[in-house]
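Take a look at the structure below.
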Amino acid sequence: QVQLVESGGGLVQAGGSLRLSCAASGRTFSVYAMGWFRQTPGKEREFVAAIRWSRIGLYYADSVKGRFTISGDNAKNTVYLQMNSLKPEDTAVYYCAASRSTTYYTRNVDYGYWGQGTQVTVSS
């Protein structure tokens, strides 16, 4: 099992920044990638960004490219999401996830472990 704990959510004005953190523990040796997803009421959880640990690869949703940056420290089993130029439509619960997949990293089904989520609210 892998346990994930997110932190860093909160309330920010449009144009502002937030940094989310996610710490993984447990059987982390089996984790090949970590990602961030977000969900708003009545909508499906959507992919935001992912980082693949081997042959470092970074993946972003089109809606956040150029504004969000994913980074991490594999040795510390920690991943970050730096969110800049935030918009009201970025308001959501953000989830950290861990994947054992060696191929795909942008789909919900690619991830077997999830955190509890952290609320991000962007006011206009």
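The values are calculated or read from the model by the stated rules, or taken from the named source; none is laboratory data. No experiment lies behind these values; they were computed from the predicted model shown. Glycine gets a Cβ as well: all are built from the backbone with ideal geometry, and neighbour counts include every protein chain shown. In case anyone asks, the SASA skips ligands and DNA or RNA and just uses the protein heavy atoms, side chains included. Shrake-Rupley method; radii C 1.70, N 1.55, O 1.52, S 1.80 Å.
Under 5 Å from the amide H of residue 27 lie the amide H atoms of 2, 3, each residue being 5 or more positions distant or on a separate chain, with H modelled from the backbone and absent for Pro and chain starts.
Of the listed residues 123, 17, 99, the order by accessible area with a 1.4 Å probe, largest first, is 17, 123, 99.
Taken along the Cα-to-beta-carbon direction at a fixed 7 Å, the label points for residue 123 and residue 62 span 3.3 nm. Between amide H atoms placed 1.01 Å from N, distances below 5 Å from residue 91 occur with 122, all of them 5 or more places distant or on a separate chain.
Give the lysines whose C-alpha is closer than 27 Å to that of residue 76, dropping any in the same chain fewer than 8 places away, or say none. In chain and number order, the partners are 65. The distance linking region 1-70 with region 82-120 is 4 Å (Cα centroid to Cα centroid, whole angstrom).
Would you tally the net charge around residue 79, using a Cβ to Cβ cut-off of less than 14 Å, leaving residue 79 out, and scoring K and R as +1, D and E as -1? Taking every other residue near residue 79 into account, the sum is +1.
Between residue 39 and residue 75, the FRET efficiency estimated from the beta carbon spacing at R0 = 25 angstrom works out to 0.25. What residue among 102, 78, 91 shows peak mean-square fluctuation when the chain is described by a Gaussian network model with Cα springs under 10 Å? Of 102, 78, 91, the most mobile in the Gaussian network model is 102. For region 14-24, backbone phi angles converted through the Karplus equation (6.51, -1.76, 1.60; θ = phi - 60°) give residue-by-residue couplings of 4, x, x, 10, 9, 10, 9, 10, 9, 10, 9 Hz, Gly and Pro being listed as x.
Loop only per DSSP, at most 13 neighbouring Cβ atoms within 10 Å: give me the GluC sites (Glu not before Pro) in region 29-116, ordered by residue number.
44
Remark: the residue 107-residue 17 segment gains 29.8 nm on full extension, using 0.36 nm per residue and subtracting the alpha carbon distance. DSSP assigns beta bridges within the chain; of those with both partners inside it, close to 90 percent run antiparallel. With 5 Å bins beginning at zero, the pair-distance distribution over Cα atoms of region 1-50 amounts to 5, 14, 20, 24, 21, 9, 5, 2 %. Across the chain, the longest piece that holds none of the trypsin sites (Lys or Arg not before Pro) lying in DSSP loops with up to 11 other C-beta atoms within 10 Å covers 66-124. Along region 55-62 the Karplus relation, 6.51 cos²θ - 1.76 cosθ + 1.60 evaluated at θ = phi - 60°, assigns HN-Hα couplings of 6, 2, x, 10, 10, 9, 6, 4 Hz to successive residues, with x for each Gly and Pro.
The candidates 118, 103, arranged from most to least accessible area with a 1.4 Å probe in the full protein assembly, appear as 103, 118. In region 16-124, the inverse of the mean reciprocal separation of distinct Cα atoms equals 13.9 Å; this is its Kirkwood hydrodynamic radius. If you take all other residues with their beta carbon under 13 Å from the beta carbon of residue 64, and give Lys and Arg +1 and Asp and Glu -1, the sum is 0.
Which whole-number percent gives the relative contact order of the chain, counting Cα pairs below 8 Å spaced six or more residues apart? Spell out each step's value before the answer.
Details: 313 pairs, mean separation 44.6, N = 124.
Computed value for the chain: 36 percent relative contact order.
Which of these, 35, 15, 72, has the largest mean-square fluctuation under a Gaussian network model of the chain (Cα springs below 10 Å)? Looking only at 35, 15, 72, the largest GNM fluctuation is found for 15.
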